[in-house]
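Novice: My structure is below; once you've seen it, I'll send some questions.
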């Protein structure tokens with residue numbers, strides 16, 4: 001396994017340590033991760049109660065006070081280039097001078113879960129080893145654990 005030398009510089013968040021390497025999938029150049037969106041639903045005009053089926057059909061979870069959904073924050077970087085003939089990522093045109101956050105991304109496992117990223121995070125908590133990562137990381141693609 002190739003290990004990204006920047007992994008040791010990533011501050012550990014809640015005990016998670018980043019592992020792996022960049023596979024140049026470009027996901028981090030198109031999205032800023034995930035966020036939890038909370039809304040307080042109100043009945044639509046002419047209705048006496050909230051249409052829970054409407055929110056449920058769109059993947060929202062209902063609590064006593066609001067509805068919430070996990071959403072990806074799509075914000076494409078102007079410096080990330082794709083091959084127009086294939087649509088596949090070519091890379092960053094400011095690789096040497098790109099911002100610190102770009103160089104160090106991802107910082108937390110939830111930023112890359114269910115993405116094509118090859119990084120993963122691991123920690124040991126109460127004697128139990130946890131691993132979370134992108135779909136192309138070694139924890140998901142069948143390779144041996146490090």
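Bear in mind that the values in this text are calculations on the coordinates, not laboratory data. Treat the numbers as computed from the prediction; the structure is a model and nothing was measured. No Cβ is skipped: glycine too gets one built from the backbone with ideal geometry, and neighbour counts run over all protein chains shown.
Novice: Provide the packing ranking of 7-19, 113-125, i.e. peptides ordered by the mean count of other C-beta atoms within 10 Å per residue, highest first. It would help to have the intermediate numbers written out before the result.
Specialist: On the way: 7-19: 14.5, 113-125: 19.1.
The packing order, highest mean first, is 113-125, 7-19.
Novice: According to the square roots a ≥ b ≥ c of the eigenvalues of the Cα gyration tensor, what is the shape class of the range 20-74, taking rounded for a/c under 1.5, prolate for a/b larger than b/c otherwise, and oblate for the remainder?
Specialist: Values: a/c = 3.88, a/b = 3.32, b/c = 1.17.
Prolate, since a/c reaches 1.5 and a/b exceeds b/c.
Novice: Now for a different question. Order these by the 10 Å Cβ neighbour count, fewest first: 85, 137. All intermediate terms of the calculation are to be shown ahead of the outcome.
Specialist: On the way: 85 6, 137 24.
Lowest to highest Cβ neighbour count: 85, 137.
Novice: If packing is taken as the average number of other Cβ atoms within 10 Å across a peptide's residues, how do 47-60, 66-79 rank, most packed first?
Specialist: On the way: 47-60: 11.2, 66-79: 13.1.
Put in order of decreasing packing, that is 66-79, 47-60.
Novice: For the chain, what is one quarter of the convex hull surface built on the Cα atoms, given in nm²? Before the final figure, lay out each step's value.
Specialist: Details: hull surface 52.4 nm².
Answer in nm², one decimal: 13.1.
Novice: Give, as ranges by residue number, the residues of the range 1-35 whose backbone N falls under 14 Å from the point 7 Å along Cα→Cβ of residue 75.
Specialist: 28-35, by backbone N distance to the label point.
Novice: Rounded to whole Å, give me the distance from the Cα center of the range 16-44 to that of the range 67-127.
Specialist: About 8 Å separates the Cα centre of the range 16-44 from the one of the range 67-127.
Novice: Further question on the same structure: Residue separation times 0.36 nm, minus the C-alpha to C-alpha distance between residue 94 and residue 47: what's the value? The partial results should precede the final answer.
Specialist: Numbers: separation 47, 0.36 × 47 = 16.92 nm, distance 5.29 nm.
My answer for the length gained is 11.6 nm.
Novice: How long is the gain from residue 123 to residue 83 if the chain were fully straight, where each residue apart is worth 0.36 nm and the alpha carbon distance is subtracted?
Specialist: Between residue 123 and residue 83, full extension yields an extra 10.7 nm.
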